[in-house]
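*Asks:* Handing you a structure now.
The values are calculated or read from the model by the stated rules, or taken from the named source; none is laboratory data. Not measured: the values here are computed from a predicted model. Here Cβ is always computed from backbone atoms with ideal geometry, including for glycine, and neighbour counts include all displayed protein chains. Ligands, DNA and RNA are stripped out before the accessible areas are found, and what is left, the full protein with its side chains, is counted by its heavy atoms. Shrake-Rupley method; radii C 1.70, N 1.55, O 1.52, S 1.80 Å.
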Amino acid sequence: MAQSVYLVALEGKTGKSTVALGLLTRLAKTVGKTAVFRPIIQSNENKDAVLTLLQQRTSAGEYDECVGVTYQEFHKDPEAALSTIIEKYRALERKVDTVVVVGSDYTGVSSPIELEFNARIAANLGTAVVLVLNAQVHRSRDIAQTARIAIEEIRSHHAQVVGVVANRVEEETMHRYEQELGLLEVPAWTLPNIPLLASATVGEIMEDLDGELIYGDEELLRREAEDLLIAGMSMHHVLTYLKEGQLVMTPGDRPEMLVGLVAAHASANYPSLSGIVLLGGFDVDSHVDRLLQGFNSKLPIIRTSHDTFTTAKIASNSKGSLTPDSQRKVDLAVATFEKHVPSDAVNTLFDVAPATVMTPLRFEAELLDRARNDRKHIVLPEGDDDRILRAASTLLLREVADLTILGEEGSVRSRAAELGLNLDGARVLSPNNPDLVHQFAEEYARLRAHKGMRVERAVEIVPDVSYFGTMMVHLGLADGMVSGALHTTAHTIKPSFEIIKTKPGVSIVSSSFLMLMEDRVLVYADCAVNPDPTAPQLADIAISSAETAAQFGVEPRIAMLSYSTGTSGSGADVDKVREATEIVRERAPHLSVEGPIQYDAAVDASVAQTKLPGSDVAGRATVFIFPDLNTGNNTYKAVQRSAGAVAVGPVLQGLNKPVNDLSRGALVHDIVNTVAITAVQAQAQATASK
């Protein structure tokens, strides 16, 4: 039976989502299968945003399995609703190790009744309760007494409170809250107030205003409006009030204000605005329209028919929420929880045995932890790609790696500001930096002198971002490089062949994918680089892949794949695999290797018992070496799609220093994982060189 906690609040907008995100992120490191359950949701017409977000951090449960009843169903028959909630929860908990239950949001029932009902649900589900309080509602001197009253109320319905979280505490008062909460008989923690977490996006405010986007980039509607300003005074006075991330509202019949705000946003001397709202529903004059078009600004400009007072009232009451699209908020929420709630505190809430399986979420959580524990410096050459900037923001907030982003500093930081990202912790470096271009050109000419390379020609080559980034790694200005979101694999890795080169004893650079299955991690190689390796090259790939597996906590048991097993087949393709297997045994006798072997014999114990009885690898292989690129690439994609595996990679192996390639379709999540992998490779390289 799963162990669980139930997050209960006394009112709405307490930040339960932040606490749930933090708990689930922590649990992913230690628990096998996790799920989230919402006993009461607003309606079935649209998916619950909180649940949709939190399910990204869990490893089990379809959406419909993770919801109980709607408010309407609760109102109609509370007892029947309770029965439904219990039934659905029991079905979910049988599938997982741990459940985080997120209580109702106080949007459909009066507060006393809702607290009572949440307590009754917790008691009937057998879950421990964590009480979440909003420090903006409850003052520090009253917080402990408020908590005691709520705890007694929850206990009166036979549920047990095991912890209290005071959320949205102002930094200067955190000590007072901690002192007061320390008087409780249950553990208590405080989380600081992060205004951004409660800020509505420009798009959310536009929707509340029944507005329309008339200029700018629709993508930027996802940016949070961190501050609001009514611009009713003269332009030179308005300039003194502008702030970073501000949404400015101004009458639509004041063209000089509109032009001035767009110009201020474009200026490097003024803050980056999140948007402009034009009041009154007025059309933009054709001459002003022509002027604005000439700015080519991406700043969202919204028109609403509301007057100044109504617009200000609506905008100030717009509430932001954590959604799957709120990347910066999610990163900030997780980082805040990790900073202020110790790991052992979370462990005390859950009485579960350590996980014996490696789920994708657990692997990714441990990967980020490993990178974080010995931070390395990674260069990201593609600073003109929004995905890279978003990934950099996540990496910096989570303190996974130190970063250098290649690009012109003004344009990179300006675009990051437009996206609402904070890249203050990253170095932005121009690949046209004259001092470094000269240094890199001299070194590149020296390395390629045998090919007739001269400094004059090298000066033209090294400003290319792939060469520039690779030279940084080669000369120790960075520990590793991740590229390929905008460039081909050849463009990304060709410089590393020329500059970084292969490790001693390795003849070929290859790639592997870390295949995150439901309960284990497998390594597939080569799936991205070498079309038809020879037997010696195949042996190199196997040895490099075993090293990669070990770096990421996978015990290497190598299956040299073919269309026949053991001595059952013959032919040039089988003979190549057989020869490669013997080379691996000669060069690395410490490794467990079997080949030629078919895929089913490598993974299925019953098949292995028939085809290769007594083998240490058959039926339990962890490293799969494909005979050619065609087989490897198709197999990893087939397993990824049909088995629901998460494919992390390609991970380049065999180089003296880590350089990794991204798919041009890479998501932000993929980039974050690849940077973490590169950092772990850099850690291993640093250890090996000592």
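*Asks:* Once the Cβ-Cβ distance between residue 240 and residue 79 is put in as r, and R0 is 56 Å, what FRET efficiency do you end up with, to the nearest 0.05?
*Replies:* According to the calculation, E is roughly 0.40.
*Asks:* Are any of the pairs 243/329; 16/243; 13/298 more than 21 Å apart by Cα-Cα distance, and if so, which?
*Replies:* Flagged as over cut-off: 16/243; 13/298.
*Asks:* Leaving ligands, DNA and RNA out of it, work out the accessible area of residue 518 with a 1.4 Å probe and give it in Å² to the nearest 10.
*Replies:* Its accessible surface works out to 120 Å², give or take rounding.
*Asks:* A further question on this structure: Expressed as an acute angle from 0 to 90° and rounded to the nearest 10, what is the orientation of the C-alpha long axis of helix 668-688 relative to the principal long axis of the chain?
*Replies:* Helix 668-688 sits at roughly 50 degrees to that axis.
*Asks:* I've got another one for you. Protein chains only, probe 1.4 Å: how do 270, 177 rank by accessible area, largest first?
*Replies:* Highest to lowest solvent-accessible surface, that is 270, 177.
*Asks:* Is the shape of region 615-688 best called rounded, prolate or oblate, per the rule: a/c under 1.5 gives rounded, else a/b larger than b/c gives prolate, else oblate, with a ≥ b ≥ c the square roots of the Cα gyration tensor eigenvalues?
*Replies:* Oblate shape, in that a/c is at least 1.5 and b/c is the bigger or equal ratio.
*Asks:* At q = 0.15 Å⁻¹, what log₁₀ I(q)/I(0) does region 306-462 have when each alpha carbon counts as one equal point scatterer in the Debye sum?
*Replies:* One equal scatterer on each Cα of region 306-462 leads to -0.98.
*Asks:* With label points built 7 Å along Cα→Cβ from the Cα atoms of residue 266 and residue 460, find their separation and express it in nm.
*Replies:* Roughly 3.5 nm, to one decimal.
*Asks:* Right, something else. Using a 7 Å offset from Cα along Cα-Cβ at residue 142, what residues in region 11-43 end up with backbone N under 19 Å from the label point?
*Replies:* Within reach of a label on residue 142: 11-15.
*Asks:* Compute the angle between helix 16-27 and the longest alpha-carbon principal axis of the chain, please, reported from 0 to 90 degrees and rounded to the nearest 10.
*Replies:* The two axes meet at around 20 degrees.
*Asks:* Follow-up question, since we're still on this one. Per-residue counts of other Cβ atoms within 10 Å, averaged by peptide: what ranking do you get for 260-266, 549-555, highest first?
*Replies:* Values: 260-266: 19.4, 549-555: 17.0.
My ranking of the peptides, most packed first, is 260-266, 549-555.
*Asks:* Okay, next question. Could you please state how large a percent of the accessible area of region 29-85 is carbon and sulfur, counting protein chains only and using a 1.4 Å probe?
*Replies:* Carbon with sulfur: 45 percent of the solvent-accessible area.
*Asks:* Send over a whole-number figure in Å² for the accessible area per residue of region 239-353, probe 1.4 Å.
*Replies:* Accessible area per residue: 47 Å².
*Asks:* How much of the accessible area of region 139-216, in percent, comes from carbon and sulfur atoms when a 1.4 Å probe is used?
*Replies:* Using a 1.4 Å probe with all protein chains present, region 139-216 comes out at 47 percent carbon and sulfur.
*Asks:* Further question on the same structure: Give me the distance in nm between label points sitting 7 Å out from Cα along the Cα-to-Cβ direction at residue 582 and residue 519, one decimal.
*Replies:* Result: 3.9 nm between the two label points.
*Asks:* Determine how large the accessible area of residue 453 is when every protein chain is in place; take a 1.4 Å probe and give Å² rounded to the nearest 10.
*Replies:* It works out to around 40 Å².
*Asks:* Next question. What accessible surface, in Å², does a 1.4 Å probe find on residue 222, ignoring ligands, DNA and RNA and rounding to the nearest 10?
*Replies:* 90 Å²
*Asks:* With the other protein chains left in place, how much accessible area per residue, in square angstrom, belongs to region 93-162 at a 1.4 angstrom probe?
*Replies:* I get 41 Å² per residue for this part.
*Asks:* Ok, one more. If DNA, RNA and ligands are ignored and the probe is 1.4 Å, what is the ranking of 227, 374 by accessible area, most exposed first?
*Replies:* Final ranking, largest accessible area leading: 374, 227.
*Asks:* For a paramagnetic label modelled at 7 Å from the Cα of residue 399 toward its Cβ, which residues of region 173-189 fall within the zone defined by backbone nitrogen distances under 20 Å?
*Replies:* 174-175, 189
*Asks:* Something else now. Post the alpha-carbon centroid distance, region 645-688 to region 7-67, in whole angstrom.
*Replies:* Here the two parts' Cα centres lie 30 Å apart.
*Asks:* Please give the contour-minus-distance gain from residue 501 to residue 637: 0.36 nm per residue of separation, less the Cα-Cα distance, rounded to one decimal in nm.
*Replies:* Contour length minus the Cα-Cα distance gives 46.1 nm.
*Asks:* Also, quick follow-up: Treating the angle as unsigned and between 0 and 90°, give the value, to the nearest 10°, between the Cα long axis of helix 286-295 and the longest Cα principal axis of the chain.
*Replies:* 40 degrees
*Asks:* If you take the beta carbon distance between residue 563 and residue 664 as r and set R0 to 30 Å, what does 1/(1 + (r/R0)^6) give as a FRET efficiency, to the nearest 0.05?
*Replies:* 0.40
*Asks:* With a ≥ b ≥ c the root eigenvalues of the C-alpha gyration tensor of region 538-640, is it rounded (a/c under 1.5), prolate (a/b larger than b/c) or oblate?
*Replies:* Note, shape of region 538-640 comes out rounded.
*Asks:* For region 576-625 and region 74-92, what is the separation of their C-alpha centers, rounded to whole Å?
*Replies:* Distance between centres, Cα-based: 52 Å.
*Asks:* Suppose accessible area is computed on protein heavy atoms with a 1.4 Å probe; arrange 295, 626 from highest to lowest.
*Replies:* The most accessible residue leads, giving 295, 626.
*Asks:* Quick one: grab the alpha carbon gyration tensor of the chain, order the square roots of its eigenvalues as a ≥ b ≥ c, and give me rounded if a/c is under 1.5, else prolate or oblate depending on whether a/b is larger than b/c.
*Replies:* Judged from the Cα gyration tensor, the chain comes out oblate (a/c at least 1.5, b/c at or above a/b).
*Asks:* Then there's this: Using a Förster distance of 51 Å, how high is the FRET efficiency between residue 289 and residue 628, based on the Cβ-Cβ distance and rounded to 0.05?
*Replies:* About 0.30, to the nearest 0.05.
*Asks:* Can you find, among 287, 50, 129, the residue farthest towards the positive end of the dipole of the chain? Put +1 on the C-beta of Lys and Arg, -1 on that of Asp and Glu.
*Replies:* 129
*Asks:* Moving to a separate point now. Could you rank the peptides 45-53, 656-664 by their average count of other C-beta atoms within 10 Å per residue, with the highest value first?
*Replies:* The densest-packed peptide leads the list: 656-664, 45-53.
*Asks:* Let me ask another. How much of the accessible area of region 400-516, probe 1.4 Å, is carbon plus sulfur, in whole percent?
*Replies:* Ligands and nucleic acids excluded, carbon and sulfur give 51 percent.
*Asks:* Calculate the spin-label point distance for residue 175 paired with residue 372, positioning each point 7 Å from the Cα along the beta-carbon direction, and give it in nanometres.
*Replies:* With each label placed 7 Å out from Cα toward Cβ, I get 2.7 nm.
*Asks:* Let me ask something else about it. Taking region 408-497, which trypsin sites (Lys or Arg not before Pro) meet the DSSP loop condition and have no more than 13 other C-beta atoms within 10 Å?
*Replies:* Details: sites: 413, 415, 427, 446, 448, 451, 454, 457; in loops: 448, 454.
Sites meeting the loop and neighbour criteria: 454.
*Asks:* Under the 0.36 nm per residue contour assumption, what length would be gained going from the current alpha-carbon distance of residue 308 and residue 435 to full extension?
*Replies:* 40.4 nm
*Asks:* In whole Å, how far is the Cα centre of region 467-512 from that of region 370-447?
*Replies:* Result: 16 Å between the Cα centres.
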